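Working notes, structure below.
The values are calculated or read from the model by the stated rules, or taken from the named source; none is laboratory data. Predicted model, so just to flag it, every value in this text is computed and none were measured. Here the Cβ positions follow ideal geometry from the backbone for every residue, glycine too, while neighbour counts run over all protein chains shown. Just so you know, the surface numbers come from the protein's heavy atoms only, side chains and all, with ligands and any DNA or RNA stripped out. Shrake-Rupley method; radii C 1.70, N 1.55, O 1.52, S 1.80 Å.
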Amino acid sequence: MQDHDAAVDRLRHRRRTLPELAELAALEDRGAEIERALAEVGERRDDVARRQRRVEDELAQVEHKLAVEQARLYGGTVSLIRELQAMQTEIDALKRRRSTLEDGVLEAMTEREPLDDQVAALDAQRVILDERSGGLRAVVAEAQAAIDAELEVELAARAAAVDGIPPAVMTSYERLRTRLDGVGASRLVKGRCDGCHLSLSRTELAVALREPPDALLHCEQCGRILVR
Ligand SMILES: [Zn+2]
């Protein structure tokens, strides 16, 4: 049972510490960075785009008004000099406004271009990152499935080994395992406890060997259950 528990612990540790998991975590950090940058640049780009649309809308209105005024001016329906002069003044003002708005559109476009480029570059990075993460996730899943299969075998073997061990011994074993680095029972090999690697004294050994085979022995040094 101790052998199976140690194997299960090793497998679970290996499952948690797959190198691909660390790599994946690093990629996910980088991905979060890209998301933050995208949100920030995207917001600035959207602000500029909104401003550009507002200026373009106003430009369209001014161009429409200008067309109407010019049609009236050359339509021949107005003949009073004073009125014609007023119209000309209005047309001149509209043309100045149009020129200012055209500058505004150009300015917004110029401001927007590098932001669009940045968004595109970040998007491309995200695509590459997503691809690599996807590949790594597949590798991790495969490795974990293999470990899970081994775990299943070990856990089944452990369940078979546990069968017949008295509950009191199990409780003691589990408590020792928690306290002693996952090892609750150790073998007595050539007079030595292979849990703490200390030799039993001659008297201890003599006492141990006198005990009936089903008696529960503990290592005097580390307290682990000794398996003869
Ligand atoms: Zn010991």
Of the residues R15, R97, R30, R53, only one is under 30 Å from V162 (Cα atoms) and modelled with pLDDT of 95 or more; which?
R15
If the Cβ limit is 7 Å and pairs must be 6+ apart or interchain, which residue in region 112-124 that is at pLDDT 95 or above pairs with which residue that is open to solvent by 50 Å² or more (accessible area, probe 1.4 Å)?
R112/R45; L115/R44; L115/R45; D116/R45; V119/R45
Counting only residues in region 191-203 that are away from the ligand (no atom under 11 Å from the Cβ) and open to solvent by 20 Å² or more (accessible area, probe 1.4 Å), the one nearest to R12 (Cα to Cα) is identified as S201
Can you confirm whether A7 is open to solvent by less than 70 Å² (accessible area, probe 1.4 Å) and more than 30 Å from A185 (Cα to Cα)?
no
State all residues of region 19-77 that are among the β-branched types (V, I, T), in a helix (DSSP H, G or I) and over 20 Å from R96 (Cβ atoms); if no residue qualifies, say none.
I34, V41, V48
Here the residues within region 209-223 that are away from the ligand (no atom under 11 Å from the Cβ) and open to solvent by 100 Å² or more (accessible area, probe 1.4 Å) are L209, R210, P213, D214
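Each row is one residue, and each column tells you yes or no for (1) within 36 Å of the chain's Cα centre (by Cα); (2) acidic (D, E); (3) open to solvent by 30 Å² or more (accessible area, probe 1.4 Å).
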{"residue": "R12", "(1), (2), (3)": "yes, no, yes"}
{"residue": "E23", "(1), (2), (3)": "yes, yes, yes"}
{"residue": "A39", "(1), (2), (3)": "yes, no, yes"}
{"residue": "K65", "(1), (2), (3)": "no, no, yes"}
Quick check, is D103 open to solvent by 30 Å² or more (accessible area, probe 1.4 Å), free of Cβ contacts under 8 Å to residues at least 12 places away in the same chain and not aliphatic (A, V, I, L, M)?
yes
Can you confirm whether L188 is of a type in the set (A, V, I, L, M) and within 16 Å of the ligand (Cβ to nearest atom)?
yes
I'm trying to understand the selection: among the residues of region 128-185, which are without any contact (Cβ under 8 Å) to a residue 60 or more places away in the chain and open to solvent by less than 50 Å² (accessible area, probe 1.4 Å)?
G134, G135, V169, M170, S172, L176, L180
Please list, ordered by first then second residue, the pairs with beta carbon atoms under 6 Å, 6 or more apart or interchain, first in region 214-228 and over 13 Å from D194 (Cα atoms), second within 10 Å of the ligand (Cβ to nearest atom).
L217/L226
Among the residues that make up region 32-52, is at least one of them more than 26 Å from R132 (Cβ to Cβ) and either in contact with a strand residue (DSSP E or B) (Cβ under 8 Å, 6 or more places away or on another chain) or of a type in the set (A, V, I, L, M) (or both)?
yes
Which condition does A206 not pass, out of (1) surrounded by fewer than 16 Cβ atoms within 10 Å (Cβ to Cβ); (2) outside any loop (DSSP other than H, G, I, E, B); (3) among the small types (G, A, S); (4) within 34 Å of the chain's Cα centre (by Cα), if it passes all the others?
(4)
Return only the number of the condition from (1) in a helix (DSSP H, G or I); (2) more than 11 Å from the ligand (Cβ to nearest atom) that I165 does not satisfy.
(1)
